[in-house]
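Notes for the one structure printed next.
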Amino acid sequence: MAKTARSDLRTQAATVRARLGDKAFPMKATFKPHVKTFIATQTKFEASAAAIDAAEQAKRDALAAVGEADDDLDGSVDAYADELSHDGLGPRLNPFKPFSKRSPSEVKEMAYATEVEVVRAVVAAVDKKKPPAAVKKAGKACLAKAAAVEKALAGYGKTATAYQRALVDREARMPEMQKALKTLKAHAASAYADDEATVKTLFAPPEAMQAPKKRRPRAKSTEKAAAEKAATNGAPAPT
């Protein structure tokens, strides 16, 4: 089921429940048991949907933490490269050349986990040369930042797993929620056979679901996007 359909189901179920709880709703005794059953189902479904919201935010926060840790690692890689060059252990243009096939700039562009592995390998290779204290200190700083990235990645992995579990739980409850709405509507039609307006009002789509969908803007071509970016930066557009 599409994301929009899932969101619509959640909104519709919550709206029906709110209307049922309105004091102005003409609740009939014969309809109350069916309302109670519906509310029980909607409560569980809403909880599962809310759990996804929380899990998704936690995943975003964890990913942001990974990015921040990686930024710190990149900074320590630059500082380490400067120390290697300053002490003559590596050429100025690529201080990592004697110890790795990757330059500092290439290392910083690697995937998070891969960068951690390469940084550790470079520091280990440098340490075999018995470097000066300043280089040794900069290497330790790199290792500490690499460990922080690794820890952040582990944290992100946990939140990503929690998010997937929340999705599975919500997906499992969707058929039950759809059935509950359908069943409630059938019982409402029977209980309010002489009051069609009440049934229509109770199950009328929420305003957000009735609003016309906005058309998505067409994606810009690569050439046009590049030209606009170049113009914004004051550079000549690509030919």
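Does at least one position in the stretch 26-37 carry a residue that is of a type outside the set (K, R), in contact (Cβ under 8 Å) with a residue 12 or more places away in the chain, surrounded by fewer than 13 Cβ atoms within 10 Å (Cβ to Cβ) and not in a helix (DSSP H, G or I)? Yes - at least one qualifying residue is present in the stretch 26-37.
Taking the stretch 72-111 as the range and being within 15 Å of C142 (Cα to Cα), acidic (D, E) and within 32 Å of the chain's Cα centre (by Cα) as the test, the residues that pass are D72, D74, D78. Could you check, for the stretch 62-81, whether at least one of its residues is hydroxyl-bearing (S, T, Y), in contact with a Leu (Cβ under 7 Å, 6 or more places away or on another chain) and either at pLDDT below 95 or not in a loop (DSSP other than H, G, I, E, B) (or both)? Scanning the stretch 62-81 turns up no residue that is hydroxyl-bearing (S, T, Y), in contact with a Leu (Cβ under 7 Å, 6 or more places away or on another chain) and either at pLDDT below 95 or not in a loop (DSSP other than H, G, I, E, B) (or both). Listed by first and then second residue, the pairs with beta-carbon distance under 8 Å, at least 6 apart or on different chains, first residue in the stretch 12-25 and in contact (Cβ under 8 Å) with a residue 60 or more places away in the chain and more than 16 Å from M177 (Cα to Cα), second of a type in the set (S, T, N, Q) and in a helix (DSSP H, G or I), are R19/T201; F25/T198. Scanning the stretch 181-216 for residues that are in a loop (DSSP other than H, G, I, E, B), modelled with pLDDT of 85 or more and exposed (fewer than 11 other Cβ atoms within 10 Å of the Cβ) returns A193, D194. Taken over the stretch 119-131, residues that are surrounded by fewer than 18 Cβ atoms within 10 Å (Cβ to Cβ) and either modelled with pLDDT of 95 or more or more than 15 Å from S85 (Cβ to Cβ) (or both) amount to 7.
Go through the stretch 96-106 and give me each residue that's surrounded by 20 or more Cβ atoms within 10 Å (Cβ to Cβ) and not in a loop (DSSP other than H, G, I, E, B). Correct list: P104 only.
May I ask you to list pairs of residues, at least six apart or on different chains, whose Cβ atoms are under 8 Å apart, with the first in the stretch 38-55 being within 12 Å of L167 (Cα to Cα) and the second being surrounded by fewer than 21 Cβ atoms within 10 Å (Cβ to Cβ) and among the acidic types (D, E)? Pairs that qualify, where the first residue is within 12 Å of L167 (Cα to Cα) and the partner is surrounded by fewer than 21 Cβ atoms within 10 Å (Cβ to Cβ) and among the acidic types (D, E), are F45/E176; S48/D169; A51/D169. Cβ-Cβ contacts under 6 Å between residues 6 or more apart (or on different chains), taken from a first residue in the stretch 160-175 that is acidic (D, E) to a second residue that is surrounded by 13 or more Cβ atoms within 10 Å (Cβ to Cβ) and in a helix (DSSP H, G or I), are listed as D169/S48. When the criteria are applied in full, R92 fails the requirement of being touching a Ser or Thr at 6+ places or on another chain (Cβ under 8 Å) and part of a helix (DSSP H, G or I).
When the residues of the stretch 137-167 are filtered to those that are surrounded by 14 or more Cβ atoms within 10 Å (Cβ to Cβ) and β-branched (V, I, T), the one that is nearest to A55 (Cα to Cα) is T159.
Residues of the stretch 7-21 include none that is touching a helix residue (DSSP H, G or I) at 6+ places or on another chain (Cβ under 9 Å), of a type outside the set (G, A, S), surrounded by 12 or more Cβ atoms within 10 Å (Cβ to Cβ) and not in a helix (DSSP H, G or I).
The values are calculated or read from the model by the stated rules, or taken from the named source; none is laboratory data. Owing to the predicted nature of the structure, the values given are computational and were not obtained by experimental measurement. Cβ sites come from the backbone with ideal geometry, for glycine too, and all protein chains shown count toward neighbours.
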